[in-house]
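First the structure, in the form of structure tokens, and then the observations on it.
The values are calculated or read from the model by the stated rules, or taken from the named source; none is laboratory data. From a predicted model like this one, the values you see are computed outputs, not experimental measurements. Heads up, the Cβs are rebuilt from the backbone with ideal geometry, glycines too, and the neighbour counts pull from every protein chain shown. Quick note on the areas: whole protein, heavy atoms, side chains included, nothing else; ligands and nucleic acids left out. Shrake-Rupley method; radii C 1.70, N 1.55, O 1.52, S 1.80 Å.
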Amino acid sequence: MSRYWSALVRELKPYVPGEQPRIPDLVKLNTNENPYGPSPRALAAIAAEAGDDLRLYPDPEATALRETLARYHGVRPEQVFVGNGSDEVLAHAFAALLKHERPLLFPDITYSFYPVYCRLFGIGFEAVPLDEGFGLRTADYVRQAGAIILPNPNAPTGVALPRAEIEALLRVQPDVPVVIDEAYVDFGGESAIPLIAKHPNLLVVQTMSKSRALAGLRVGYAIGDAALIEGLVRVKDSFNSYPLARTSQAGAIASVEDDAYFQDRRAAVIASRTRMEAELRRLGFEVLPSAANFVFARHPEHEGATLAKALRERAVLVRHFAAPRISDHLRITVGTDRQINRLIAALEEIL
Ligand SMILES: *Cc1c(COP(=O)(O)O)cnc(C)c1O
């Protein structure tokens, strides 16, 4: 606390990201990073871009990247917005689309950045409880609201809604902006992007951090009606005109163009998830059905915090949230076969 702080800063409750510690031989399953590296073609494109041209500003509109993403997703470039990680894209969406007289709705158990943005931007919100099994009932969102944001698959539960459910929600809420945060969709969810043509209030946000193994490059994007995208651009150009480095734009384009690598690695993560779920169940864990690159699990006889601590002592890092309803759960990122073996061996020892 400093007397030089603004009133706004005094009121903030910042997001706490998963730790990035330096522990030798660490099995890092706490921040949903991809256990495999990025596409070699992306790495080559980044290296090729790291030359004399870095003295020049990058394309402020990231035209080539937006064209590549538009082609990939079957939309027009004016329907694509890119930002410095999807966290930044989401921040701009909160400022541009989600601040209204009526409250913003999102689940009570969800990405914990949402309430942080609400405080930063002065947005009133209501947390809508998930059901007993951490399922999301879209019917609960059929009420007076200023806007809606949902992750699909949800985080930290990993539970996905079928596209038809999102469509049903859009049909009954045509007059408020609806943002679907699809950070994990490539691991088994159904994207809402095909609904954009019929629903001008829908914005879909995706990231290259998880399924494309580029968390360190910081590239996220949004797809929606061109008028929604224009709103995001207005905020972006009032904040930072050059959010994406030259290297980020080049690497992101090459990653999207290397579809064979992308398909191969996401299939590998999905297969490992199936094995990880089975192993955890064998040890007595209750595991939620996951469509993401992590699982959300609890052991009926052990406290979540105790398990997380015991794992950490064995150099296995998982994420634990000291929050109501989920304090006995662990969110565990799907790792390589070797990492999963280390996790399971450590748990066998602890239990
Ligand atoms: C990881 C994550 C993001 C942000 O990812 P970026 O690295 O900023 O692109 C957004 N939403 C959810 C639900 C996430 O888990």
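Overview of results
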read-out: Among the candidates 178, 142, residue that is more than 30 Å from residue 318 (Cβ to Cβ), open to solvent by 40 Å² or more (accessible area, probe 1.4 Å), touching a helix residue (DSSP H, G or I) at 6+ places or on another chain (Cβ under 9 Å) and β-branched (Val, Ile, Thr); value: 142
read-out: Residues (within 17 Å of residue 35 (Cα to Cα) and either surrounded by fewer than 21 Cβ atoms within 10 Å (Cβ to Cβ) or modelled with pLDDT under 95 (or both)) located in segment 232-261; value: 261
read-out: Inter-residue pairs, beta-carbon under 6 Å, first free of Cβ contacts under 8 Å to residues at least 12 places away in the same chain and in segment 76-99, second open to solvent by 10 Å² or more (accessible area, probe 1.4 Å) and part of a helix (DSSP H, G or I), 6+ apart; value: none
read-out: Scope segment 104-124; condition over 20 Å from the mean Cα position of the chain (by Cα) and crowded, with 18+ Cβ neighbours inside 10 Å; matching residues; value: 123
read-out: Condition broken by residue 200, with the remaining ones in (1) outside any helix (DSSP H, G or I); (2) buried (at least 20 other Cβ atoms within 10 Å of the Cβ) satisfied; value: (2)
read-out: Any chance residue 181 is within 12 Å of the ligand (Cβ to nearest atom), closer than 22 Å to residue 334 by Cβ and of a type in the set (D, E, K, R); value: yes
read-out: Residue 80 being away from the ligand (no atom under 14 Å from the Cβ) and under 17 Å from residue 180 (Cα atoms); value: yes
read-out: Enumeration of residues in segment 200-224 that are more than 19 Å from residue 152 (Cα to Cα) and either of a type in the set (D, E, K, R) or not assigned by TED's automatic domain parsing to the domain that holds residue 62 (or both); value: 218
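Let's see how each residue does on (1) under 25 Å from the mean Cα position of the chain (by Cα); (2) touching a residue at least 40 places away in the same chain (Cβ under 8 Å); (3) open to solvent by less than 40 Å² (accessible area, probe 1.4 Å):
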residue	(1), (2), (3)
5	no, no, no
15	yes, yes, no
18	yes, yes, yes
25	no, yes, no
33	yes, yes, no
36	yes, yes, no
42	yes, yes, yes
46	yes, yes, yes
